[in-house]
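The values are calculated or read from the model by the stated rules, or taken from the named source; none is laboratory data. The structure presented is a predicted model; accordingly, all values stated were derived computationally and were not measured. Virtual Cβ from ideal backbone geometry, glycine too; neighbours counted across all protein chains shown.
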């Protein structure tokens, strides 16, 4: 990846991200890994990110994801936690003030619990497309 490239399309460059977060992140193409979590653009929405791997979320990982989102100008983060015995991930999302917008049973596997979370960041560190700080 080019040092000047922006992995999430907007916000910090590859070089800026690696300088700021170092070994805590791993960047591949248009995705950033934070341990077991992966963040990427929400298709057709320049202000939103999706977290995959959310079943393994910790408060530490989510703090880093929130900071990356804010530093890159993304003010919305979406995630789902699905499965059995996912209380630790659910607690992590709630402790980082993600809003639980749905709780129920999985449509695919009714024995699994399904949680949908969204986080709205009110005052991102990166403003607009150009990145005023």
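Listing for the model above:
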quantity: Residues of region 38-48 classified as in contact (Cβ under 8 Å) with a residue 24 or more places away in the chain and surrounded by fewer than 23 Cβ atoms within 10 Å (Cβ to Cβ), total; calculated: 7
quantity: Region 96-128, residues that are assigned to a loop (DSSP other than H, G, I, E, B), at pLDDT below 95 and within 19 Å of residue 8 (Cβ to Cβ); calculated: 123, 124, 125, 126, 128
quantity: Test: residue in region 25-37 that is surrounded by fewer than 19 Cβ atoms within 10 Å (Cβ to Cβ), touching a strand residue (DSSP E or B) at 6+ places or on another chain (Cβ under 8 Å), without any contact (Cβ under 8 Å) to a residue 12 or more places away in the chain and not in a strand (DSSP E or B); calculated: no
quantity: Residue within region 48-60 that is more than 22 Å from residue 22 (Cα to Cα) and in contact with a strand residue (DSSP E or B) (Cβ under 8 Å, 6 or more places away or on another chain) present; calculated: yes
quantity: Search result, residues across region 77-95 that are assigned to a strand (DSSP E or B), closer than 29 Å to residue 10 by Cβ and in contact with a helix residue (DSSP H, G or I) (Cβ under 8 Å, 6 or more places away or on another chain); calculated: 77, 79, 80, 81, 82
quantity: Unmet requirement for residue 63, which otherwise passes all of (1) within 14 Å of the chain's Cα centre (by Cα); (2) in contact (Cβ under 8 Å) with a residue 60 or more places away in the chain; calculated: (2)
